[in-house]
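A.B. asks: A single structure is presented below for examination.
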Amino acid sequence: MEKLFYRENSEFKPITVYDKPIGKGGQAAVYGIMFPISLDKHCIKIYHNGCKPETIERLKYMIDNPPSITRTESFCICWPTGFIYNANKEIIGFYMPTAFKNSRDLYILSYYAKGKTIADRFKTETDWFNKYERNTGEGILNRLKMMTNISQAFYQIHKSEKYVVLDVKPQNILATSTGKVSIVDTDSFQIAENDKILFPGAAVTPEYCAPEFKEQYEQSRAFTSSNDAFSLAVIFYQILIGLHPYTGVKLLAPYDTEEYSELEAVIHRSLYLYGSNKRYIQALSPNPHAFFERIPRSLQLMFIKAFDAPNYRPNMEEWCKELFNIISH
């Protein structure tokens, strides 16, 4: 690893990282920090091909305009905190808070296999055993608590009205077996002020995009926190019900065609089993969505509004309040 530096009070200071990356992607790698001790709860992200001028401007904006709260006992937003430089004093990455120790992605909760426990499906994740099973009151309560922590983190991101995560998916939300959550890949967020895009979002995942996404994209409009609210509702549905809300059904005419074999098209037409277009949908037998009918009516309505009524889609503050109300009673 080449020599690395960070700046403190306008002075360049050396920073030492572990040789083996914590994570690696197509554009960058993340490393834990050995020295200085003052940054021991941080990690660095180094771009493989250096930082383009637009990336530097984006990161500078984020460093100068962080959410008011980025870390609590229950959530961590892995937000850019300062630049990392090479020996030539060129910006090649940034440092940020490290996700909670022993975190993993949310796939462990977002997919349910009938008759199989977490212990059956994830044999090495022993810390998760018997804590989140959907057939126990404790398991459902723990899932609701984790959803609350996710809502709180995204509320902080949205509060400034500058940031939209956009690529919200289970892989970008890490969690511990005790329910603490970390939001990662923050450097890909859309940044906008007064509906003017300053820096576009870097990516999206179609199966988590709101029905209105395509129209917004074609018209080059700024995406809003409502886009994230849809994506998070999908993830919450997966956590509670065990499958994606737009799967596990039979579509009826005129939607029983090849065109609607893709999730993106099904979402675009709002073909949700419990929504206003339910006359075009037939539940399977047995119905993999059946657990939906057992959750509190208030939560059912939150999901229906999220998937069926963009103008009334619950935001993160509303999710926080409703989830906290359910957990507290």
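A.B. asks: What residues of the stretch 14-51 lie in the reach of a label at residue 88, counting those whose backbone N is under 14 Å from a point 7 Å from the Cα along Cα→Cβ?
C.D. replies: 49-51
A.B. asks: May I ask for the Rg/Rh ratio of the chain, computed from Cα atoms with Rh as the Kirkwood radius, given to two decimals?
C.D. replies: Rg divided by Rh gives 0.99.
A.B. asks: Leaving out ligands, DNA and RNA but keeping every protein chain, what accessible area does residue 174 have, in Å² rounded to the nearest 10, with a 1.4 Å probe?
C.D. replies: For residue 174, the solvent-accessible surface is approximately 40 Å².
A.B. asks: Heavy-atom accessible area per residue, the chain, 1.4 Å probe: how many Å²?
C.D. replies: 51 Å²
A.B. asks: Starting with the highest mean, order 303-313, 105-115, 253-263 by the number of other Cβ atoms within 10 Å, averaged over the residues of each peptide.
C.D. replies: Highest-to-lowest ranking by the protection proxy: 303-313, 105-115, 253-263.
A.B. asks: Another one. Pull out the extension gain between residue 16 and residue 290, defined as 0.36 nm times the separation in residues minus the alpha carbon to alpha carbon distance; nm, one decimal.
C.D. replies: Additional length available on full extension: 93.4 nm.
A.B. asks: So for the stretch 18-140, considering every pair of alpha-carbon atoms, how many percent are separated by more than 25 Å?
C.D. replies: 41 percent
A.B. asks: Hey, another quick one. Working out 0.36 nm times the residue gap between residue 72 and residue 27, then minus their Cα-Cα distance, what length gain in nm do you get to one decimal?
C.D. replies: 13.3 nm
A.B. asks: State the extension gain, in nm to one decimal, for the chain segment bounded by residue 9 and residue 257, taking 0.36 nm per residue of separation less the distance between their alpha-carbons.
C.D. replies: Computed gain between residue 9 and residue 257 is 83.1 nm.
A.B. asks: For the ranges 178-191, 26-39, what's the packing order if you count other beta-carbon atoms within 10 Å of each residue, average per peptide, and put the highest first?
C.D. replies: 178-191, 26-39
A.B. asks: Suppose a student asked you for the relative contact order of the stretch 1-49, using Cα pairs under 8 Å spaced at least 6 residues apart; what percent would you report?
C.D. replies: Relative CO of the stretch 1-49 lands at 26 percent.
A.B. asks: If you average the C-alpha positions of the stretch 11-41 and of the stretch 134-178 separately, how far apart do those two centres end up, in angstrom?
C.D. replies: 26 Å
A.B. asks: For the chain, return all DSSP H helices satisfying: extent of Cα atoms along own axis at least 20 Å; mean Kyte-Doolittle hydropathy at least 1.0.
C.D. replies: 225-241
A.B. asks: Let me ask you something else. Go through the stretch 27-130 and name the GluC sites (Glu not before Pro) that are in a DSSP coil and have 16 or fewer other Cβ atoms within 10 Å of their Cβ.
C.D. replies: 73, 90, 125
A.B. asks: If I take every Cα pair under 8 Å that is 6 or more residues apart in the chain, average their sequence separation and divide by the length, what percent do I get for the relative contact order?
C.D. replies: It rounds to 14 percent for the chain.
A.B. asks: Using label points projected 7 Å from each Cα along Cα→Cβ, tell me how many nm separate residue 325 and residue 279, to one decimal.
C.D. replies: If labels sit at residue 325 and residue 279, their model points lie 3.1 nm apart.
The values are calculated or read from the model by the stated rules, or taken from the named source; none is laboratory data. This one's a predicted model, so the numbers in the text were calculated from it and none came from an experiment. Neighbour counts are summed over all protein chains in view; Cβ atoms, including those assigned to glycine, are modelled from backbone coordinates with ideal geometry. All accessible areas refer to the heavy atoms of the entire protein, side chains included, with ligands and DNA or RNA removed. Shrake-Rupley method; radii C 1.70, N 1.55, O 1.52, S 1.80 Å.
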